[in-house]
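Input: a single structure, listed below in structure tokens.
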Amino acid sequence: MRVIPRTAPLERLAALVVGFLLLGGVVLRKSGSTVKAAAADGDGFYQISGVAPGTYQLSVSYIGFQTYRDTLRLRPGTRTLSAALRPARRELGEVTVEAEEEVEDAKAGLRRIRAADIETLPSPGPGSDLAMYLQSLPSVTSVGDRGGRLFVRGGTPSQNLILIDGTPVKKPFHIIGFYSAFPADLISNANFYAGGFGARYLGRLSSVLDINLRPGNFKGYEGRVQAGPFVTSVRAEGPVDQGEKSFLVHYRQSLIEWTGPEVLSQTTPYRFYDLMTRFHTQGEKSQCSFTGLRTYDRGRIDPSRPSSFRWTNTSVGGKCLAFGSGSSQQVYVTFGTSHFSNSVETPDQDTRSSGTWDTHATLRIEEPYSWGRLRGGFWARSTQFSYDFTGTFKRERPQEGFDIAARGFLGAEFDIGSTITASPSIGTQFPVFWGTNTVEPRLRLAWQPGGTERTKVTAAAGLYRQLLDGVTDERDAGSTFLAWLRTPQGEALQSTHAIVGVDHQLTRNVRVSVEGYHKSLRDLPVSTWSTLAIFNTGLAAVDGTAYGGSVSARYRIENVDLRANYGFGQVEYRGAREELEAWTEESTVEYSPPHDQRHKVGLVASVDLDLFSVNARWQYSSGRPFTQGYGTDNFLEIRGLMFWRWKGGRLTRTTGAICSILIC
């Protein structure tokens, strides 16, 4: 705990709780009839500003642990206080938990994810996984249950920004859609923006998934081995320097390639693994973590086809949080490097491969003032990308590219009156070797009608640009091969977002959320409409529109958690007939891309009893577009395919249910 002259904010790293970092804990400051509070952020940091010197009663509390209390006499100068919470050993009486804090913290387009939320979803293997949770959201579409691709409100997978402790990774989702590199027991928390994110996040058009991993046990050594019909995992953790440094190692290996034929009575040519390592250290004025990730996936997306796909992720990064001496300034530093590669091979030696290597360094500073909070930062990033296509019908030389870009942003947060909070921000990107500089203004607003804590209206809008994009052949539903390239037109891709949402605590146990969105898309690279199903770099530029909305309801009481949601979305692309090489008569062609899913309904139920817990999930998804064939052309003994309108058909709807029972 540090005390700063004049403003004297109370701030500290999160308390130690039985060897784990306590995230989301609450700090209360009492001075007469005045009470101020703060909750820990994703890095375990909390702060209360505007505290004058004097005597205060401080309490640090968290459900299930004994409350820490102390009397502070705040004087000019700096003072440090460490607090460790112990588990509550006495039996609690009736406890009432209200969810109004979640409504208070609601933001348009944002879903805050805790490990406990992920664990309410059933899983076909031991432990829950972040991939299952994301697929249950109405804003997320997955094209099939294989391939590791997620589409968010009209965007493509390459337009999603995924951060692990500040280090970006390209494709951490496994070939079997139930799994990612993030099992629930490794996650501290995650912020998922389906759109409308501030200028702190630059370089992507569609969404942001910002994941904070938990540290290892600071107090004692422990481990776990889990096994199921499809995967097995092992985890080890413990202190390096008790109370200050810890390590965490987790490894997971698939078994489905060997067990699938017996369990499912069908061929399951899939193999994957992931390895996560983490070292965490913390002191009185700083904390740092160093994270390493390795993933591997190999298999056939369509078991009836011989094409074998493979992709890997390798990343190493660090993240540090420090406090300015004698001030309330918070300094965040992240740095790291990540490599992604993917390839596809066929028995006739057709080979495609592509890869990227990213290196980045980031500095971000936040400082509270009497009027609000000011944020700013800058990035330096280098990207090396390459691709090599060798096929029966098309042969190209291997291509390589190298890009360097700098990014910066400035943002603020302040109140307008007693019911409105504004968060404007602006970002810019400076590519060195090609393209033009970008300027990206963004704004988030929150309004609590009448000052009530039960209802909150939020809105977000902004301009988004992306310099590099991943291209896939959307003509082939059985392919997930991805090639990262500069945008074909030499200009950054562009999108504008507009989101409005309402969160309301209907009763003490029922929360309802409604949200609507609109996105415009410009200069997206897509495959030309050639009927020859081979991958090529012949690309066309299209514009697009994505719009829709969602309704969610949640009921929680004691050990029962029920959720229901409905999502509607529509995605439309528009392009010139000549560029698309379309076989239609219109000069401008409008069509729906493969991820245009109009309706999605989901139900989740979780019941936690003394001896066991039951989790169940049901989901309905409407059909997605595809191009219908209607015959062949054998003119001049050259067999050719003939098609109806591009993506003019609709696949059948799908429903699915899964249930798991965990015996405690």
* **Evaluation of residue 103 against (1) closer than 23 Å to residue 606 by Cβ; (2) out of contact with any His (no Cβ under 9 Å at 6 or more places or on another chain); (3) at pLDDT below 85 (one fails), failing number** => (2)
* Asked: Just for the stretch 472-502: of the residues that are surrounded by 23 or more Cβ atoms within 10 Å (Cβ to Cβ), of a type outside the set (Ser, Thr, Tyr) and in a strand (DSSP E or B), which one is modelled with the lowest pLDDT?
  -> 483
* Structure fact -> Going through the stretch 503-523 in order, the residues found to be surrounded by 19 or more Cβ atoms within 10 Å (Cβ to Cβ) and either modelled with pLDDT of 95 or more or within 22 Å of the chain's Cα centre (by Cα) (or both) are 503, 513, 515, 517, 519, 521
* To do: Out of the residues in the stretch 174-186 that are surrounded by 24 or more Cβ atoms within 10 Å (Cβ to Cβ) and among the hydrophobic types (A, V, I, L, M, F, W, C), state the one that is farthest from residue 409 (Cα to Cα).
  => 176
* Pairs, first of a type in the set (Ser, Thr, Tyr) in the stretch 212-231, second at pLDDT 90 or above, C-beta under 6 Å, six or more apart -> 221/238
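Working carefully through the options 573, 566, 555, find the one that is assigned to a strand (DSSP E or B) and in contact (Cβ under 8 Å) with a residue 60 or more places away in the chain.
Exactly one of 573, 566, 555 is assigned to a strand (DSSP E or B) and in contact (Cβ under 8 Å) with a residue 60 or more places away in the chain, namely 566.
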* Structure fact -> Checked against (1) in contact with an Asp or Glu (Cβ under 9 Å, 6 or more places away or on another chain); (2) of a type in the set (Gly, Ala, Ser); (3) over 25 Å from residue 201 (Cβ atoms), residue 423 satisfies every condition except (3)
* **Only one of 271, 235, 278 that is within 14 Å of residue 174 (Cβ to Cβ), among the basic types (Lys, Arg) and under 27 Å from the mean Cα position of the chain (by Cα)** => 271
* Could you list all residues from the stretch 437-471 that are in contact with a Pro (Cβ under 9 Å, 6 or more places away or on another chain) and either assigned to a loop (DSSP other than H, G, I, E, B) or closer than 27 Å to residue 404 by Cα (or both)? => 437, 438, 441, 442, 462, 463, 467, 469, 470, 471
* To do: Return the only residue of 663, 658 being at pLDDT below 75 and touching a helix residue (DSSP H, G or I) at 6+ places or on another chain (Cβ under 9 Å).
  => 658
* Members of the stretch 589-622 found to be under 15 Å from residue 561 (Cβ atoms) and β-branched (Val, Ile, Thr), listed by number -> 604, 607, 614
* To do: Answer yes if at least one residue in the stretch 528-536 is at pLDDT below 90, closer than 23 Å to residue 428 by Cα and touching a Gly at 6+ places or on another chain (Cβ under 9 Å), and no otherwise.
  => no
* Among the numbered conditions (1) in a strand (DSSP E or B); (2) closer than 24 Å to residue 331 by Cβ, tell me where residue 202 comes up short. => (1)
* Of the numbered conditions (1) farther than 30 Å from residue 307 by Cβ; (2) modelled with pLDDT under 95; (3) touching a Ser or Thr at 6+ places or on another chain (Cβ under 8 Å), residue 372 fails exactly one; give the number of that condition. => (3)
* Structure fact -> Scanning the stretch 205-232 residue by residue, those surrounded by fewer than 23 Cβ atoms within 10 Å (Cβ to Cβ), under 23 Å from the mean Cα position of the chain (by Cα) and not in a strand (DSSP E or B) turn out to be 214
* residue 294 basic (Lys, Arg) and touching a Lys or Arg at 6+ places or on another chain (Cβ under 8 Å) -> no
* Run residue 201 past the list (1) in the same structural domain as residue 499 (by TED's automatic domain parsing); (2) without any contact (Cβ under 8 Å) to a residue 60 or more places away in the chain and report the number of the one that doesn't hold. => (1)
* **Matching residues, the stretch 251-266, being assigned to a loop (DSSP other than H, G, I, E, B) and in contact (Cβ under 8 Å) with a residue 24 or more places away in the chain** => 255, 266
* Structure fact -> Taking the stretch 235-281 and keeping only residues that are of a type in the set (D, E, K, R) and buried (at least 21 other Cβ atoms within 10 Å of the Cβ), one is left with 237, 252, 274, 278
* To do: Restrict the check to the stretch 423-433 and report whether at least one residue is hydroxyl-bearing (Ser, Thr, Tyr), closer than 30 Å to residue 508 by Cβ and crowded, with 22+ Cβ neighbours inside 10 Å.
  => no
* Any idea which residue in the stretch 103-133 is nearest to residue 259 (Cα to Cα), counting only those that are crowded, with 20+ Cβ neighbours inside 10 Å and basic (Lys, Arg)? -> 111
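The values are calculated or read from the model by the stated rules, or taken from the named source; none is laboratory data. All figures in this text were calculated on a predicted structure; none of them were measured in a lab. When we count neighbours, we look across all protein chains shown, and the Cβ atoms used for this are built from the backbone with ideal geometry, even at glycine.
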